[in-house]
Amino acid sequence: MSTVITDEKIPNNVNLAGDKRLQRALEAWQPHFIDWWKQMGPLGWQERDIYLRTAISVEANGWAHFDYVKMPDYRWGIFLEPKDPNRTHGFGDFYGQPVWDEVPGEFRNMLRRLIVTQGDTEPASVEQQRNLGATAPSLYDLRNLFQVNVEEGRHLWAMVYLLQTYFGRDGREEAEELLKRRSGDADKPRILGAFNEPTSHWLSFFMFTMFTDRDGKYQLAALAESGFDPLARTCRFMLTEEAHHMFVGETGVQRVVKRACELMKKDPNGDVRAQGGIDLPTIQKYLHLWYSLSLDLFGGEVSSNAADAFAAGLKGRYKEDRYDEHKLIGTHHAMDVLEDGKVVHKDIAMRNALNEVLRGEYIKDCQRGVDRWNKTIKDEGISFELRLSSNRFHRQIGMWSGHHFTPDGEMIDAATWEARKGEWLPNDADETYIKSLMKPVYDRGKMANWIAPPAKGINGLPGDFEYVKL
Ligand code: BYC
């Protein structure tokens, strides 16, 4: 299989040239994608040269090529991890049997739904971030935003490749629909909740890439275990790109936190806002918001859909290899559930609890990130701790939705929630204040006052490199 193909219209390592029907279908979709990109992609920056990374192969030590490129000319390609001819189902009812290279008829709808849901998030995030280029805190951050955006575009290509290759006419229709839904649109919204929320400033962008992209990591990892081999192989390669998105989020928030501490020490009253920064309690509110929105993305705590997808061998657990048992018949997961309005600890059949199991892995990973932010605060000599909320707090999906809980997980009534939610989640005044700070800084090497510089530049380059040519 060829691995580096850069001269084709659609770069790929799937021998597209050898499948004329598919090549035609993708080449017919490509102009629609470009139209969508120009209409909904980064506003105002399409004609600029941006220092971007492009995937050109799947080789671990050479897949990324860095150069200046105008975003509409970005070479969105299709890359799957090489096939392992001996791979077998790693979980579910078909455990141990050879993986599938075609879609099994009985699971066609379930699989299409999973691929469409995954695919829908990719253009959604580009739409959510469309206006952020107008207020970037530095050229370094501006470039990182666009890097995230073009790679989400490539992830859409990855899912569209699967739809067009394996789902015939339905797949082609779904591929078109992916370009028609719009984040936040009342009539044609994106499928999952968090992808309809506004990401209207850079603090939300960093929280989104920290928490929502991290859901992407866990969902992609669960799909990377799939017994439908083309899905597994494409998700494995997507995960390599996802890592940079979470890096942007985690280090972005870390830099805002560091600057908050610096400004706190500079101000005679320790008032960060008086110094034009974002104070730690406000950072905590946005953390609560994006963490809780992202917890929703794992679906209901008890889910027959999750059980069915596992049984069918389509969606596994995070790193299935780490587990001893892969069929999960007759096993249970002890978890908190809501019964007659009360929280009780109960054993739930493991297959039905798999959304919660994956969410549990995600929560541990989020905690590791928050611990690193808290280390920054401590190193600055400030006494303050950022915290993840209880997984019951501010939920709109699953069994905790419809009830109200404090960030500590204590159940409260609706009136108390209404009276206190502004203490825990950003209120209008917070949002107005954060937006008032969002003034673009486009001078090489300069940073907005509310954020510390990054520890190092991109691809070994200095911080004052011209990451975007103005
Ligand atoms: N919002 O049985 P349930 C990423 C629906 S992020 C709205 O509880 P199930 C990225 C559900 O569809 C990763 N609706 O859960 C990050 C179902 O509807 P139907 C994206 C929701 O089915 C940043 C009903 O509620 N990838 O890549 O196990 C930037 C009952 O569902 C939500 C994936 O999610 C919600 N939050 O669904 C760019 C992987 N949650 O069928 C990219 C693919 C659930 O009754 N998706 N519903 O109409 C899946 O694996 C699963 O569909 C879910 C859980 C994880 C969404």
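Would you check if Thr117 is of a type in the set (Val, Ile, Thr), closer than 25 Å to Gly249 by Cα, open to solvent by 20 Å² or more (accessible area, probe 1.4 Å) and away from the ligand (no atom under 13 Å from the Cβ)?
Against the criterion (of a type in the set (Val, Ile, Thr), closer than 25 Å to Gly249 by Cα, open to solvent by 20 Å² or more (accessible area, probe 1.4 Å) and away from the ligand (no atom under 13 Å from the Cβ)), Thr117 does not qualify.
For the range 311-324, give me the residue count where each residue is assigned to a loop (DSSP other than H, G, I, E, B) and within 20 Å of Ala232 (Cβ to Cβ).
So the answer is 9.
With respect to Asp19, determine if the residue is open to solvent by less than 70 Å² (accessible area, probe 1.4 Å) and of a type in the set (Asp, Glu).
For Asp19, the condition - open to solvent by less than 70 Å² (accessible area, probe 1.4 Å) and of a type in the set (Asp, Glu) - is met.
Considering Arg53, Arg48, which residue is under 29 Å from Thr199 (Cα atoms), touching a residue at least 40 places away in the same chain (Cβ under 8 Å) and either of a type in the set (Val, Ile, Thr) or surrounded by fewer than 19 Cβ atoms within 10 Å (Cβ to Cβ) (or both)?
Just a single option satisfies the conditions, and that option is Arg48.
Condition (residue is within 16 Å of the ligand (Cβ to nearest atom), in a helix (DSSP H, G or I) and under 27 Å from Thr376 (Cβ atoms)) applied to the range 190-201: is it met by at least one residue?
Among the residues of the range 190-201, at least one is within 16 Å of the ligand (Cβ to nearest atom), in a helix (DSSP H, G or I) and under 27 Å from Thr376 (Cβ atoms), which makes the answer yes.
Go over the candidates Phe228, Phe206, Phe167 one by one and state the one that is in contact with a strand residue (DSSP E or B) (Cβ under 9 Å, 6 or more places away or on another chain) and either more than 11 Å from the ligand (Cβ to nearest atom) or open to solvent by 20 Å² or more (accessible area, probe 1.4 Å) (or both).
Answer to the selection: Phe228.
Out of the residues in the range 350-388 meeting the condition of being without any contact (Cβ under 8 Å) to a residue 40 or more places away in the chain and open to solvent by less than 40 Å² (accessible area, probe 1.4 Å), tell me which one is farthest from Trp424 (Cα to Cα).
Only one residue fits best here, namely Met350.
Could you please let me know if Thr212 is within 13 Å of the ligand (Cβ to nearest atom), surrounded by 21 or more Cβ atoms within 10 Å (Cβ to Cβ), more than 15 Å from the chain's Cα centre (by Cα) and in a helix (DSSP H, G or I)?
No, not satisfied.
Can you tell me which residue among Asp67, Asp7 is at pLDDT 95 or above, surrounded by fewer than 20 Cβ atoms within 10 Å (Cβ to Cβ) and more than 30 Å from Arg190 (Cα to Cα)?
Of Asp67, Asp7, the one residue that is at pLDDT 95 or above, surrounded by fewer than 20 Cβ atoms within 10 Å (Cβ to Cβ) and more than 30 Å from Arg190 (Cα to Cα) is Asp67.
Quick test of your reading of the structure: Arg236 fulfils all but one of (1) open to solvent by 10 Å² or more (accessible area, probe 1.4 Å); (2) farther than 30 Å from Glu431 by Cα; (3) within 11 Å of the ligand (Cβ to nearest atom); (4) not hydroxyl-bearing (Ser, Thr, Tyr). Name the failing condition by number.
Here Arg236 clears every test but (3).
Looking only at the range 151-163, decide whether some residue is of a type outside the set (Lys, Arg), in a loop (DSSP other than H, G, I, E, B) and within 14 Å of the ligand (Cβ to nearest atom).
Here is the first cut: in the range 151-163, the residues of a type outside the set (Lys, Arg) are 151-153, 155-163.
Okay, now just the ones that are also in a loop (DSSP other than H, G, I, E, B), so none.
No - not one qualifying residue is present in the range 151-163.
Filter the range 389-406 down to the residues that are in a loop (DSSP other than H, G, I, E, B), away from the ligand (no atom under 14 Å from the Cβ) and open to solvent by less than 30 Å² (accessible area, probe 1.4 Å) and list them by number. Break it down stepwise before answering.
Pass one, the range 389-406, residues in a loop (DSSP other than H, G, I, E, B): 389-403, 406.
In the following step, the residues that additionally are away from the ligand (no atom under 14 Å from the Cβ) were identified as 389-390, 392-393, 403, 406.
Ser389, Ser390, Phe393, Thr406, listed by residue number.
The values are calculated or read from the model by the stated rules, or taken from the named source; none is laboratory data. In this text, all values refer to a predicted model and were calculated from it rather than measured experimentally. Cβ atoms come from the backbone with ideal geometry, glycine included; neighbour counts cover every protein chain shown. Surface areas here come from the heavy atoms of the whole protein model, side chains and all, with no ligands, DNA or RNA. Shrake-Rupley method; radii C 1.70, N 1.55, O 1.52, S 1.80 Å.
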